[in-house]
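A short write-up of the structure that comes next.
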């Protein structure tokens, strides 16, 4: 094939206005791998790109969005990978510094392409890369979660929340999950305790030793006082729409004996990817997703993302 279908983004665009275009299949170059894309997930990061960041001068336009994908090696170039090898790819500049995964083929640097050992179907595999890497890093690298812990997931009704809950429950941890809408309580029924979050959890929940805060700065101070002494809080998400804490005083706002950390998912590596898939295989877990769309229906998928009509990860199968 000399041409492929892809989403080409050059200006602020709503999901309902996204269309597929024809463009050349990328030409391979040393150190880069041509991937035949089989599936990719939609992420909040790409929504930010579509709605505002596309205007930034550092993005060369048009750009193909997409910070993750799963697929097969079409051309390994001069790398150690083999044609037909099953791989995932994520982050490292995908969809911003260079073209990403909203396409039938993606040319990606070898450093962000990882072979995987999995028999999962493509639509299930497509839910893994960014979401499960972020959940895994938050839970184990940052929170050092164990089966003896009681984990608070604040803002659990999102793709990251669902995956973190699945991993934690499979590990054996007790999980307290929150949502700000009573109608969404059934979506976190898997948790040991499901809580309506009105912005104040301190004094309402007890025994929390680890907390994954996906709301972010809006409620972070309250999360810090809601955990037990010796507890760890990891702030990974920004669902609350507040991106920084002005006037934050670490001495006064972090309780004595409580620890605050955060997870940044821009640096995946093969060891962690192997650990994730070993865990999924061992526990016989099927990655959770909200809805799967065909690539031909990318407009519908992105409209659903903008409208918030899908609970959980949206996966697109190419």
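The values are calculated or read from the model by the stated rules, or taken from the named source; none is laboratory data. Note that the structure is a prediction, hence the values are computed from the model and not measured. Reconstructed Cβ throughout: ideal geometry from the backbone, glycine too, with neighbour counts over all protein chains shown.
List of remarks:
The rows are residues; the columns are (1) closer than 29 Å to residue 283 by Cα; (2) outside the structural domain of residue 256 (by TED's automatic domain parsing); (3) touching a helix residue (DSSP H, G or I) at 6+ places or on another chain (Cβ under 8 Å); (4) exposed (fewer than 15 other Cβ atoms within 10 Å of the Cβ).
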position: 191; (1), (2), (3), (4): yes, no, yes, no
position: 201; (1), (2), (3), (4): no, no, yes, no
position: 217; (1), (2), (3), (4): no, no, no, no
position: 224; (1), (2), (3), (4): no, no, yes, no
position: 234; (1), (2), (3), (4): yes, no, yes, no
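- In the set (1) closer than 23 Å to residue 313 by Cβ; (2) touching a residue at least 60 places away in the same chain (Cβ under 8 Å); (3) over 20 Å from the mean Cα position of the chain (by Cα), residue 101 fails one condition alone, (3).
- Among the candidates 216, 199, 207, 172, the residue that is at positive phi and without any contact (Cβ under 8 Å) to a residue 24 or more places away in the chain is uniquely 199.
- The single condition among (1) without any contact (Cβ under 8 Å) to a residue 60 or more places away in the chain; (2) surrounded by 24 or more Cβ atoms within 10 Å (Cβ to Cβ) that residue 143 does not meet is (1).
- Just one residue in the set 298, 273, 254 is in the same structural domain as residue 168 (by TED's automatic domain parsing) and touching a strand residue (DSSP E or B) at 6+ places or on another chain (Cβ under 7 Å); that residue is 254.
- Selection within region 156-184 - within 14 Å of the chain's Cα centre (by Cα) and in a loop (DSSP other than H, G, I, E, B): 156, 157, 158
- Residues being free of Cβ contacts under 8 Å to residues at least 24 places away in the same chain and not in a strand (DSSP E or B) - total across region 1-16: 1
- When the test is whether a residue is under 29 Å from residue 110 (Cβ atoms), out of contact with any strand residue (DSSP E or B) (no Cβ under 7 Å at 6 or more places or on another chain), surrounded by fewer than 19 Cβ atoms within 10 Å (Cβ to Cβ) and modelled with pLDDT under 95, residue 248 does not pass it.
- Considering only residues in region 81-98 that are over 21 Å from residue 297 (Cβ atoms) and touching a residue at least 40 places away in the same chain (Cβ under 8 Å), the one that is farthest from the chain's Cα centre (by Cα) turns out to be 81.
- Counting the residues of region 293-304 that are touching a residue at least 40 places away in the same chain (Cβ under 8 Å), in contact with a helix residue (DSSP H, G or I) (Cβ under 9 Å, 6 or more places away or on another chain) and surrounded by fewer than 18 Cβ atoms within 10 Å (Cβ to Cβ) gives 2.
- Filter result for residue 282 (in a helix (DSSP H, G or I), under 23 Å from the mean Cα position of the chain (by Cα) and either in the same structural domain as residue 103 (by TED's automatic domain parsing) or free of Cβ contacts under 8 Å to residues at least 24 places away in the same chain (or both)): yes
- Qualifying positions in region 69-92 - closer than 18 Å to residue 267 by Cα and either buried (at least 19 other Cβ atoms within 10 Å of the Cβ) or out of contact with any strand residue (DSSP E or B) (no Cβ under 8 Å at 6 or more places or on another chain) (or both): 69, 70, 87, 88, 89, 90, 91
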